[in-house]
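> Sending over a structure as structure tokens; questions will come in a sec.
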Amino acid sequence: MKINLVVFAGVKEVLGWERLEIALTAPATVADLKRQLLLTYPEITDLMAHCVISVDQEYSDDSTVLEEGCEVGVIPPVSGG
Amino acid sequence: MIKLTEQPIQAQEALDAIADCNAGANLLFVGTTRQWTGEQETRELKYECYQEMALKQMQQLHDQAMEKWPLLGVCMIHRLGSVPVGETSIAVAVSSAHRQPAFQAGPWLIDRLKQVVPVWKQEINQQGDSSWVHPVNPGATS
């Protein structure tokens, strides 16, 4: 299945892109995606340790199941205000 | 009212948004770019966001505040892009019949916004160097 990944701030800067379609073997959870991301992009390992993951614009945890076509965000510690 | 904007924020807009003829209390918080933080001199802050999720999270905070306190109006406006020293990056306003709900809801809203709304700022110093401002704790766990 395919999911749409979107990254921000420091993670976007390191990767050099903001959105990417990623293929995953279904069924897949947030934890599976994180493992795959770290294998593919080891350069974001340190940043990922402080990031949380959103699924369809809601905060998720490792056990959240990903659905075909969902939008997954890599959310660094926020600093609005 | 919930709003993200690249334009300068007029605080009066937030007050107008919460105006209610039954309000006896109107509370406004305005966050501005600070020049000095210790010995660090800032020239501007640059904000970016995950727009769809930021609006969703701000709307949830709006709704939660309306449930927690007897408020008449809630307004949150966040600026994006470059915000030079002295200019406003955020305005939060609440109104209620009496002052206590407004005094309680205002700080709660700005604190929660800083914890959960996916907005990020980059600090640009006088030399033009930039660095991401990332608090120690990731937002969603707070």
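> Scan segment B:42-63 for residues that are more than 10 Å from chain A (Cβ to nearest Cβ), under 16 Å from B:Lys121 (Cβ atoms) and open to solvent by less than 40 Å² (accessible area, probe 1.4 Å) and jot them down.
Selection gives B:Thr42, B:Glu44.
> On to the next question. Can you work out which of the residues in segment A:41-58 that are outside any loop (DSSP other than H, G, I, E, B) and exposed (fewer than 15 other Cβ atoms within 10 Å of the Cβ) is farthest from the other protein chains (Cβ to nearest Cβ)?
A:Pro42
> Only one residue in B:Trp69, B:Trp108 is among the aromatic types (Phe, Trp, Tyr) and either open to solvent by 50 Å² or more (accessible area, probe 1.4 Å) or under 18 Å from A:Gly80 (Cβ atoms) (or both), so which one is that?
B:Trp108 is the lone residue from the list that is among the aromatic types (Phe, Trp, Tyr) and either open to solvent by 50 Å² or more (accessible area, probe 1.4 Å) or under 18 Å from A:Gly80 (Cβ atoms) (or both).
> What are the residue pairs meeting all of these: first residue in segment A:3-19, first residue modelled with pLDDT of 95 or more, second residue among the hydroxyl-bearing types (Ser, Thr, Tyr) and buried (at least 20 other Cβ atoms within 10 Å of the Cβ), Cβ atoms under 6 Å, and 6 or more apart or on different chains?
Close Cβ pairs satisfying both conditions: A:Phe8/B:Tyr50.
> Kindly indicate whether B:Gly128 is away from chain A (no Cβ under 14 Å) and assigned to a loop (DSSP other than H, G, I, E, B).
The answer is yes for B:Gly128.
> Is there a residue in segment B:15-38 that is open to solvent by less than 80 Å² (accessible area, probe 1.4 Å), in contact (Cβ under 8 Å) with a residue 60 or more places away in the chain, within 26 Å of A:Ser54 (Cα to Cα) and of a type outside the set (S, T, N, Q)?
Scanning segment B:15-38, I find no residue that is open to solvent by less than 80 Å² (accessible area, probe 1.4 Å), in contact (Cβ under 8 Å) with a residue 60 or more places away in the chain, within 26 Å of A:Ser54 (Cα to Cα) and of a type outside the set (S, T, N, Q), so the answer is no.
Quick grid of which residues meet (1) open to solvent by less than 50 Å² (accessible area, probe 1.4 Å); (2) within 10 Å of chain B (Cβ to nearest Cβ); (3) among the hydrophobic types (A, V, I, L, M, F, W, C); (4) on the phi > 0 side of the Ramachandran plot:
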site: A:Phe8; (1), (2), (3), (4): yes, yes, yes, no
site: A:Glu13; (1), (2), (3), (4): no, yes, no, no
site: A:Ala28; (1), (2), (3), (4): yes, no, yes, no
site: A:Ala31; (1), (2), (3), (4): yes, no, yes, no
site: A:Ser60; (1), (2), (3), (4): yes, yes, no, no
site: A:Cys70; (1), (2), (3), (4): yes, no, yes, no
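The values are calculated or read from the model by the stated rules, or taken from the named source; none is laboratory data. Since this is a predicted model, take the numbers as computed values, not measurements. Cβ coordinates were reconstructed from backbone atoms using ideal geometry, including for glycine residues, and neighbour counts include every protein chain displayed. To get the accessible areas, we keep the full protein, side chains included, count just its heavy atoms, and leave off ligands, DNA and RNA. Shrake-Rupley method; radii C 1.70, N 1.55, O 1.52, S 1.80 Å.
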